[in-house]
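Presented below is the structure to which this report refers.
The values are calculated or read from the model by the stated rules, or taken from the named source; none is laboratory data. These numbers come from a predicted model, not from an experiment. Glycine gets a Cβ as well: all are built from the backbone with ideal geometry, and neighbour counts include every protein chain shown.
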Amino acid sequence: MLNIIKVKGEQLFNETGAGIIASLLQSNPRAVLGLATGSTPVGVYQKLIELYRDGVVSFKQASSYNLDEYIGLAEDHPESYRRFMNEKLFNHIDIPLESTHVPAGNTGDPTQAATDYTRLLEKAGQLDLQLLGLGHNGHIGFNEPGEELQGPTHIVELDERTRQANARFFPSIEEVPTHAITMGIGSILQAKQILLMAKGEDKAEIVARALKGPITTKCPASFLQTHPNVVVVLDQAAGGLI
Ligand code: GLP
């Protein structure tokens, strides 16, 4: 079931997303969170840091599992998702770093790393909440459109459009990794609750396809329509076509 919330302005967008995560932590301090990277959640993470500093929320007993990671970037590479998460969130809150998990993209054996992450997720049990952004081609995590989708954590070759979209963070497109390790659609859909967030006019078309279009592997996010508890937070521009 999709519960769609449209909000006006960046501030309300971030407050709404952070508010959902904060109330979960207030009712369940040991919540297991699925977290995401990309530009969409950055303001949400800032707001969560503020709520932590104000004593409204604590992450001390929580744990987190990130969706994805590039293959071949060192953990301290400026664009690695591990570094992103440390800098945008973990270093500023009270979550123990050992309770945070990001797939290992730089072990030299990505297939084994994917299997290890699947096991880790199984051990963690059901995620209480999975936060998601949305790629322009309908990807969630790095589950790219195609003829078929995979359930568990696996290796993906990145879509050219995804590499181009992410090239803005790298010195040149050649330096954008060609592959990534990502939680699969199966693991994502197992979360108790999913929080999908999208903002900006450039996301309006894919938001409409994902939420109102046919359920198809050509738009991986369309599978969210099959989940019993999805909250979608959109700004007015991203929600313009629905
Ligand atoms: C990235 C990430 C996704 C993210 C998406 C959208 O490549 N792998 O998890 O949701 O693309 O990113 P943005 O929020 O910057 O639009």
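Couple of notes before you dig in:
- Residue under evaluation Ala191, criteria (1) touching a strand residue (DSSP E or B) at 6+ places or on another chain (Cβ under 8 Å); (2) within 12 Å of the ligand (Cβ to nearest atom), criterion not met: (2)
- Flag for Ala18 being closer than 19 Å to Leu134 by Cβ, crowded, with 19+ Cβ neighbours inside 10 Å and within 13 Å of the ligand (Cβ to nearest atom): no
- Looking across the range 50-99, the residues that are in a helix (DSSP H, G or I) and within 16 Å of the ligand (Cβ to nearest atom) come down to Tyr81, Arg82, Arg83, Phe84, Met85, Glu87, Lys88.
- Selected residue (criterion: farthest from Lys218 (Cα to Cα)) from residues of the range 129-143 that are more than 10 Å from the ligand (Cβ to nearest atom) and either outside any loop (DSSP other than H, G, I, E, B) or charged (D, E, K, R) (or both): Leu129
- Count - residues of the range 36-65 that are closer than 24 Å to Gln11 by Cα and either touching a helix residue (DSSP H, G or I) at 6+ places or on another chain (Cβ under 6 Å) or of a type in the set (A, V, I, L, M) (or both): 12
- Residue check, Met183 under 26 Å from Arg119 (Cβ atoms) and either without any contact (Cβ under 8 Å) to a residue 60 or more places away in the chain or in contact with a helix residue (DSSP H, G or I) (Cβ under 8 Å, 6 or more places away or on another chain) (or both): yes
- Selection from the range 108-153 of residues that are of a type outside the set (D, E, K, R) and exposed (fewer than 13 other Cβ atoms within 10 Å of the Cβ): Gly108, Thr111, Gln112, Gly125, Gln126
- Restricted to the range 100-111, and to residues there that are closer than 13 Å to Ile71 by Cβ and not in a helix (DSSP H, G or I), the residue that is modelled with the lowest pLDDT is Gly108.
- Arg209 vs. criteria of a type in the set (Lys, Arg), at pLDDT 95 or above and surrounded by fewer than 22 Cβ atoms within 10 Å (Cβ to Cβ): yes
- When residues in the range 144-175 are screened for being touching a strand residue (DSSP E or B) at 6+ places or on another chain (Cβ under 8 Å) and part of a loop (DSSP other than H, G, I, E, B), 6 of them pass.
- Pairs, first surrounded by fewer than 18 Cβ atoms within 10 Å (Cβ to Cβ) in the range 73-84, second aliphatic (A, V, I, L, M), C-beta under 8 Å, six or more apart: Glu79/Leu73
- Residue list for the range 100-113, filter: more than 15 Å from the ligand (Cβ to nearest atom) and under 19 Å from His154 (Cα atoms): His101, Ala104, Asn106, Thr107, Gly108, Asp109, Pro110, Thr111, Gln112, Ala113
- Qualifying residues in the range 159-188 (those that are near the ligand (Cβ under 10 Å from one of its atoms) and small (Gly, Ala, Ser)) - the one farthest from Leu120 (Cα to Cα): Ala165
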